[in-house]
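So the structure is just underneath, and the comments pick up after that.
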Amino acid sequence: QVQLVESGGGLAQPGGSLRLSCEASGFTFSSFGMRWYRQAPEKERELVANIANSGSTYYADSVKGRFTISRDNAKSTVYLQMTSLKPEDTAVYYCQAFVHMTNYWGQGTQVTVSS
């Protein structure tokens, strides 16, 4: 079965950095696009970044130039490198994949940006 397991969240100061990881299993990772979403308290879940199986990327305007999505197909893992963090980046971050007509989500990892 498809599983997505995130790690790497935590507390960072404004201007700091964090790297999130999402290890996938149960499907041919290299054949599918992967996405990071986030959900702040009392806000809707929003797409942060996408990486296609080809490696092409997309970023939300709010994170462009600060966040980098990447993938390691040998490790079936997608990463989100977050730099120049702002308090408004505080949210639960979710890894997502659309595999065989089904949406799969990880359990989420909390990122808190505060001094």
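What number of residues in the range 73-89 are under 21 Å from Leu4 (Cα atoms), open to solvent by less than 60 Å² (accessible area, probe 1.4 Å) and of a type outside the set (Gly, Ala, Ser)?
Number of matching residues: 5.
Suppose we filter the range 100-115 for residues that are of a type outside the set (Ser, Thr, Tyr) and open to solvent by 40 Å² or more (accessible area, probe 1.4 Å); how many remain?
Residues that pass the stated criteria total 6.
Just checking, does the range 81-95 include any residue being more than 12 Å from the chain's Cα centre (by Cα) and aromatic (Phe, Trp, Tyr)?
No, that holds for no residue.
Name the one entry in Ala91, Ala97 that is of a type outside the set (S, T, N, Q), farther than 28 Å from Gln13 by Cβ and in contact (Cβ under 8 Å) with a residue 24 or more places away in the chain.
The match here is Ala97.
I need the full set of residues from the range 58-72 which are open to solvent by less than 70 Å² (accessible area, probe 1.4 Å) and either touching a strand residue (DSSP E or B) at 6+ places or on another chain (Cβ under 7 Å) or outside any strand (DSSP E or B) (or both), in order please.
Tyr59, Ala60, Ser62, Val63, Arg66, Phe67, Ile69, Ser70, Arg71
Does Arg45 fit the bill of being touching an Asp or Glu at 6+ places or on another chain (Cβ under 8 Å) and either under 19 Å from Gly9 (Cα atoms) or surrounded by 18 or more Cβ atoms within 10 Å (Cβ to Cβ) (or both)?
When the stated conditions are applied, Arg45 does not pass them.
Take the residues of the range 4-42 that are hydroxyl-bearing (Ser, Thr, Tyr) and more than 17 Å from Glu88 (Cβ to Cβ): which is most open to solvent (accessible area, probe 1.4 Å)?
Filtering first and then ranking leaves Thr28.
Go through (1) open to solvent by 10 Å² or more (accessible area, probe 1.4 Å); (2) within 16 Å of Ala49 (Cβ to Cβ); (3) of a type in the set (A, V, I, L, M) for Ala97 and report which single condition fails.
Answer for Ala97: the failing condition is (1).
The values are calculated or read from the model by the stated rules, or taken from the named source; none is laboratory data. This structure is a prediction, so every number in the text was calculated from the model and none was measured. Glycine also receives a Cβ, built like all others from the backbone with ideal geometry; neighbour counts cover every protein chain displayed. Note: accessible area is taken over every heavy atom of the protein model, side chains too, but ligands, DNA and RNA are not part of it. Shrake-Rupley method; radii C 1.70, N 1.55, O 1.52, S 1.80 Å.
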